[in-house]
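For reference, the structure is listed below as structure tokens.
Any read-out appearing in this document is the output of simple, stated calculations on the displayed coordinates, not a laboratory observation. Being a predicted model, the structure only gives us computed values, none of them experimental. Cβ placement follows ideal geometry from the backbone for every residue including glycine, while neighbour counts extend to all protein chains displayed.
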Amino acid sequence: MDAGGVPALTYAALEARFALERVCYERLRIAHSYISHSDLRTWKPQHVVQTVMEMVDANIASDWTLNIGSEPGDHPPKYIPVGTQKGFDPKYINQLWQAVSSFLHCALPRETKAPIEHYAAEMKLRSKLEEVLRELDRISEGTMIGALVLEKVSFDCVCGQKNSRSTASLKHNDIINCIKEGCKEQFRAEEVADEFFFERRKIPVSCHKCGYQHGLPYREVTEMSKATEGWEFKCRDCGVSNVFMWQLRQFARNDQGMPEPTDQDG
Ligand SMILES: [Zn+2]
Ligand SMILES: [Zn+2]
């Protein structure tokens, strides 16, 4: 950044992105120690940032100080600080990551006649980089990182991935996405007599031809793209293709002010 000039600042944006990714990798590795190194290696950086953002375990992103008692017992005469973790807002980190990433692409013009710029504007680059640096400096003030997970519950996803949560931060009805990249399975936590169970969220769909009942992964259906081709699956019993598509519908207000579909299609 001191060298100045737009090419140098663009390179600084790349370094800033590395640093943000590293912060996320470190937190994820510690909070989910069961994620194997080889699993993590296959994840795209964006997925790591996203997973850290979505994680329910608030401890990896919170401020805390670990103290150790000078003598054994519940009330030692003195506590000695061992280290401090600096927390961060994962949404903010994601926002910064998106911003510096945008500088690593061609800046598209806002109108058709404007020239296509190779680099982002210098002022914009510099002010965003300064913002990232402030946040990285603040996080680096911490002397240790770790997950204050006292008690954990785990469950295996249908894809084989083990998922864990700290019971301290888990609530009844919490929704948990499987952490494996590409897996669309989602689970609902259910607390019964101080014990947690995890229920797979699925959408019941019967085959249009033979009626065979399928339990489709909730996110697979609800997060399908709006592309006109839709999303399809083959029936597990008769093999026929079943297609889903988003449909835009028109509604009108009835006498009670509630929306009701009109007769028009499309
Ligand atoms: Zn899974
Ligand atoms: Zn069928």
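Quick look at the numbers
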item: Which listed residue is among the basic types (Lys, Arg) and either within 16 Å of ligand 2 (Cβ to nearest atom) or not in a loop (DSSP other than H, G, I, E, B) (or both), from 180, 184, 209, 226; result: 209
item: Near pairs, Cβ below 7 angstrom, 6+ apart or cross-chain, from region 196-224 (farther than 17 Å from residue 178 by Cα) to any residue that is aliphatic (A, V, I, L, M) and in a strand (DSSP E or B); result: 205/216; 214/205
item: Any hit, region 175-187, residues being without any contact (Cβ under 8 Å) to a residue 40 or more places away in the chain, closer than 30 Å to residue 28 by Cβ and aliphatic (A, V, I, L, M); result: yes
item: Tally of residues being within 16 Å of ligand 2 (Cβ to nearest atom) and loosely packed, with under 13 Cβ neighbours inside 10 Å across region 187-206; result: 2
item: Residue within region 116-137 that is more than 18 Å from residue 30 (Cα to Cα), over 18 Å from the mean Cα position of the chain (by Cα), away from ligand 1 (no atom under 16 Å from the Cβ) and polar (S, T, N, Q) present; result: yes
item: Contacts under 6 angstrom Cβ, first residue in region 228-245 being closer than 12 Å to residue 205 by Cβ, partner away from ligand 1 (no atom under 16 Å from the Cβ) and small (Gly, Ala, Ser), 6 or more apart; result: 232/241; 243/230; 244/230
item: Selected residue [surrounded by 14 or more Cβ atoms within 10 Å (Cβ to Cβ), charged (D, E, K, R), free of Cβ contacts under 8 Å to residues at least 40 places away in the same chain and closer than 27 Å to residue 5 by Cβ] from 117, 131; result: 131
